[in-house]
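Taking it in order: structure first as structure tokens, then the write-up.
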Amino acid sequence: KKMNLSEEELPKALQKHVNEEEINKNSTNNKETKKSKKIWLRILITIIILGILGVSTLAFLLYGPYSGFREWLITSAMTTMRHQYLATWFYDDETIQEVLNNNKVHETDESTDTSMIVVVDDKKEEIQYANEYERQILEKDPEHEDYKIIKIEGKGYDGYMAVIYDPSRIKTVYTSKLGTTGEYLTKMAQDNDALIAINGGGFEDPNYVGNGATPLGITFSNGKLITSKTYKGQGGLIGFTQDDKLVLGKMTVDQAKKQKIRDGVTFGPFLIVNGKPSAVSGNGGWGTAPRTAIGQRQDGIVLFLVVDGRTVTRPGATMKDLIEIFERYGAYNASNLDGGTSSAMVVNNKIINDPVDQSGSHRTRYISTAFILTKEENQ
């Protein structure tokens, strides 16, 4: 519609039009602002609700009637050197001690009876296997006459077992910078021209920043006494005699020499002694973690075991898990070795398992000692 406006009326009309546009624009902006505020309010409310649920869930797990999580947290944390604060943050000393008292490995008082171990010479005749586990052990890998690698899987863990047919070729090696710093297992394996290597005994960890410089307890290597410190933890000496039998026992240096120990380390707990498994209360007091262990069957065959852990779907193994694995494969004597970030198995100079440290990084650490399988020509 055509409008006839005078010169005086034109500016007023234009101003009115502009004002109407501004009002519409402001109205639109206000709606968008209100909409944005509602969205952010919903997000904030959601975050608060999730936070409350998270805190409530954590509190329920930490202090609720179900003790499984509490026992797992305390035992897993207290058996590490650097992360005990994960338990002490939430629980007082009395609660921690009560949980540890209820979760233990009760070792037998016996020491290894070596007369029950008869190292069997390699036989070529047809073998009738008692079960699948015996078949896995005794049926050799045609590509490796000296050893066989078996994949191990269980609820919450997986790993590897190395079957060693000639126990006379198992030796203890130690860091070349003894007393100063440890070394990676791969370097120990390379320096000693090993076919297979696993980490060995524990080591001193002052202020939880130990670098693997000094092994715990007694250490023998090729018949030579390397360390002779007092050890008060579970387990004791884990060593091979001159006639290639694995001996587990709480003993002094003089007692070890009388047993003619040629190669050995110190750690624990002992898992099986003379065919008798240790009794386990709760989860054993060692929590769930990566593990390394060693065992020997009555026919002399030695078993190196490494189990991975510290992931969401694969937290690791308990002491009871280790006992069950060794029982399946016929171990007559078996002991836990140093675990956690130290746990590793090297085959032909390469780590075949998946070490994970406390931060979740896929790596191993410096260690003091290792068990190796030497090459036949190096005997």
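The values are calculated or read from the model by the stated rules, or taken from the named source; none is laboratory data. All values reported here derive from a predicted model rather than from experimental measurement. Note: ideal-geometry Cβ built from the backbone for every residue, glycine included; neighbour counts use all protein chains shown. These area figures cover heavy atoms from the full protein model, side chains too; ligands, DNA and RNA do not enter into them. Shrake-Rupley method; radii C 1.70, N 1.55, O 1.52, S 1.80 Å.
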So for the pair residue 131, residue 95, with labels modelled 7 Å out along Cα→Cβ, what separation do we get in nm? 4.1
If one compares the long axis through the Cα atoms of helix 68-78 with the longest principal axis of the Cα atoms of the chain, the angle in degrees, nearest 10, works out at 70
Here is the link list: 250/375; 148/224; 177/375; 187/375. Which ones come out longer than 26 Å on Cα distance? 250/375; 148/224
Contact order normalised by length for segment 187-227, with contacts defined as Cα pairs under 8 Å and 6 or more residues apart; what percent is it? 23
The chain: most fluctuating residue of 339, 223, 179 per GNM, C-alpha cutoff 10 Å: 179
Residue 159: net charge of surrounding residues, Cβ under 11 Å, Lys/Arg +1, Asp/Glu -1, itself excluded? -2
Please find the FRET efficiency linking residue 242 to residue 59, where r is the Cβ-Cβ separation and R0 is fixed at 45 Å, and quote it to the nearest 0.05. 0.20
Calculating mean projected area of the Cα convex hull in nm² from this structure picks out, from (1) 22.6; (2) 21.0; (3) 33.5, entry (3)
Pairing the Cα long axis of helix 93-102 with the longest principal axis of the chain, what angle in degrees results, from 0 to 90 and rounded to the nearest 10? 50
With θ taken as phi - 60° and the coefficients 6.51, -1.76 and 1.60, list the Karplus ³J(HN,Hα) couplings across segment 341-358 in order, rounded to whole Hz; mark glycine and proline as x. 5, 6, 5, 7, 10, 10, 10, 6, 6, 10, 6, 9, 9, 10, x, 9, 8, 5
Pull up all non-local amide H partners of residue 356: gap of 5 or more, or a different chain, and H-to-H distance under 5 Å with H placed in the peptide plane. 309, 363
Using Cα pairs under 8 angstrom and six or more residues apart, how large is the relative contact order of the chain, in percent? 22
Computed magnitude of the charge dipole of segment 193-330 (debye, nearest 20; Cβ of K, R +1, Cβ of D, E -1): 300
From the phi angles alone, apply the Karplus equation (6.51, -1.76, 1.60; θ = phi - 60°) to segment 264-272 and give each ³J(HN,Hα) in whole Hz, x where the residue is Gly or Pro. x, 9, 10, 4, x, x, 5, 9, 9
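Would you compute, from DSSP H runs of 4+ residues alone, the mean residue ellipticity of the chain at 222 nm, taking -39500 (n - 2.57) per run and dividing by the full residue count, rounded to the nearest 500? Spell out each step's value before the answer.
Numbers: 8 runs with 110 residues, N = 379.
Value at 222 nm, helices only, nearest 500: -9500 deg cm²/dmol.
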Return the distance in nm (one decimal) between the two label points of a simple spin-label model at residue 69 and residue 120, each offset 7 Å from Cα along Cα→Cβ. 4.9
For the chain, the longest principal axis of the Cα atoms and the Cα long axis of helix 9-63 enclose an angle in degrees, to the nearest 10, of 20
In nanometres, what is the gap between the two model label sites at residue 140 and residue 358, each 7 Å from Cα along Cα-to-Cβ? 4.5
Surface accessible to a 1.4 Å probe, per residue, for the residues of the chain, Å²: 54
Let me check against my output: what whole-number percent is the relative contact order of segment 246-353, with C-alpha pairs under 8 Å and at least 6 apart? 33
Where the Cα atoms of segment 179-252 are projected onto their three principal axes, how long is each span, largest first, in whole Å? 35, 33, 19
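Let's test the formula: R0 of 51 Å, r as the Cβ-Cβ distance of residue 150 and residue 36. What FRET efficiency results, to the nearest 0.05?
0.25
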Dimensionless Rg over Rh [segment 111-242; C-alpha; Kirkwood]: 1.00
Toward the positive end of the charge dipole of the chain, about the Cα centre and with charges on Cβ (Lys, Arg +1; Asp, Glu -1), which of 137, 127, 298 goes farthest? 137
Segment 129-278, dipole about Cα centre (Lys/Arg Cβ +1, Asp/Glu Cβ -1), debye to the nearest 20: 760
Solvent-accessible area, 1.4 Å probe, carbon plus sulfur percent, for the chain: 52
Which ³J(HN,Hα) values, rounded to whole Hz and listed in residue order, are derived for segment 191-203 from phi using the Karplus coefficients 6.51, -1.76 and 1.60 in 6.51 cos²θ - 1.76 cosθ + 1.60 with θ = phi - 60°, glycine and proline given as x? 4, 9, 6, 8, 6, 9, 8, 10, 5, x, x, x, 8
